[in-house]
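Take a look at the structure below.
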Amino acid sequence: MQNKRIKERAWVRVIQIIIPYILIVGAFQLLANFILGFNVEKNSLDEMTIWQKVILGFANLVGTCVVIWFFRKYIDQKTFKSLGFENICKNDIYLGLITGLLIIMFSFSVLFVFKQIYLVGFNFDFFNIIGSVLFFVFVAFTEEILIRGYVLNNLMISMNKYWALGISAAIFSLMHAANNNYGWFPAVELFISGIFLGLTYIYTKNLIFPIAFHFSWNFFQGTIFGFNVSGNNSYSLINQSRIDNNIWNGGAFGFEGSILSIIVQLVAAILIYLYWNKYRTVFKEVNSK
């Protein structure tokens with residue numbers, strides 16, 4: 001009876017965490033803005049230096065961990081580690097990093113060959129690169145712990161895993177609705193990103209690959225290859241330009257606003273689905289012998 005009650009109320013906990021999450025993470029953001037001397041209403045992410053973004057990103061991560069730790073311990077009655085940190089495999093880290101790099105590198109090359117983007121020059125800045133690494137690490141951990149680790153984890157207890165995957169992906173997309181130049185194409189792309197990032201999680205219950213890929217995707221997209229990341233502009237090693245903003249190059253939202261990004265992530269999601277279903281079939285056949 002108790003297990004049935006936990007199963008029925010798992011989706012309710014996703015709703016219950018919304019207001020505490022907004023209030024507590026918002027408080028950490030206000031504290032970070034106070035430390036940085038910002039006027040919250042007038043300063044956007046684009047106007048911050050990379051190290052100011054690092055401080056704000058760290059505040060978001062700490063606030064997120066505090067809220068989810070509390071809910072995990074006292075509401076879910078489970079450990080924080082059980083979100084997806086129980087079986088850490090270095091290969092998942094390498095695979096996530098390499099996959100993100102290869103997809104962005106391939107996409108940049110395609111857009112460059114077809115003259116959708118142009119190479120303007122290079123701007124190497126060691127401290128900006130290090131700051132970008134830290135910032136995007138904080139972003140990856142924050143969003144994956146929240147969306148895949150808590151939301152998707154709980155939804156899968158209450159409903160079919162694919163329904164849970166779709167709902168969590170929609171929430172992931174809507175999280176970015178306040179970003180600059182958010183629209184239909186970015187919304188669809190981010191939804192598919194949520195599907196791709198969640199697919200591995202629903203089969204492994206492990207956050208390592210999604211976190212590594214999420215970081216790699218953002219870092220190489222923005223810091224190395226010069227795209228805006230989810231509508232936000234920041235330092236980049238490669239300076240690129242566009243003749244016009246269109247659905248192929250993603251325009252001001254960045255690569256995530258492009259149809260090419262939708263295609264490559266959709267293909268990646270399909271490959272992940274086929275791989276894990278084939279892997280599970282082989283595993284069952286070996287165990288049955």
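Details
- Some residue of the range 80-93 being assigned to a loop (DSSP other than H, G, I, E, B), more than 27 Å from Phe253 (Cα to Cα) and free of Cβ contacts under 8 Å to residues at least 12 places away in the same chain: no
- The listed residue being closer than 20 Å to Arg72 by Cα, assigned to a helix (DSSP H, G or I) and of a type in the set (Asp, Glu), out of Glu189, Glu143: Glu143
- Scan of the range 249-258 for residues that are out of contact with any Leu (no Cβ under 6 Å at 6 or more places or on another chain) and buried (at least 18 other Cβ atoms within 10 Å of the Cβ), ordered by number: Gly250, Gly251, Phe253, Gly254, Phe255, Glu256, Gly257, Ser258
- The set of residues in the range 222-274 that are free of Cβ contacts under 8 Å to residues at least 12 places away in the same chain and assigned to a helix (DSSP H, G or I) comprises Ile263, Val267, Ile270, Leu271, Leu274.
- Checked across the range 201-212, the condition of being farther than 15 Å from Gly100 by Cα, touching a Pro at 6+ places or on another chain (Cβ under 7 Å) and modelled with pLDDT of 90 or more holds for at least one residue.
- In the range 157-171, the residues that are farther than 16 Å from Ser193 by Cβ form Cβ pairs under 7 Å with partners that are among the aromatic types (Phe, Trp, Tyr), at six or more places apart or across chains, as follows: Ser158/Trp11; Met159/Trp11.
- Per the conditions (1) surrounded by fewer than 18 Cβ atoms within 10 Å (Cβ to Cβ); (2) touching a residue at least 40 places away in the same chain (Cβ under 8 Å); (3) among the aliphatic types (A, V, I, L, M), the sole criterion not satisfied by Val67 is (1).
The values are calculated or read from the model by the stated rules, or taken from the named source; none is laboratory data. The structure presented is a predicted model; accordingly, all values stated were derived computationally and were not measured. Heads up, the Cβs are rebuilt from the backbone with ideal geometry, glycines too, and the neighbour counts pull from every protein chain shown.
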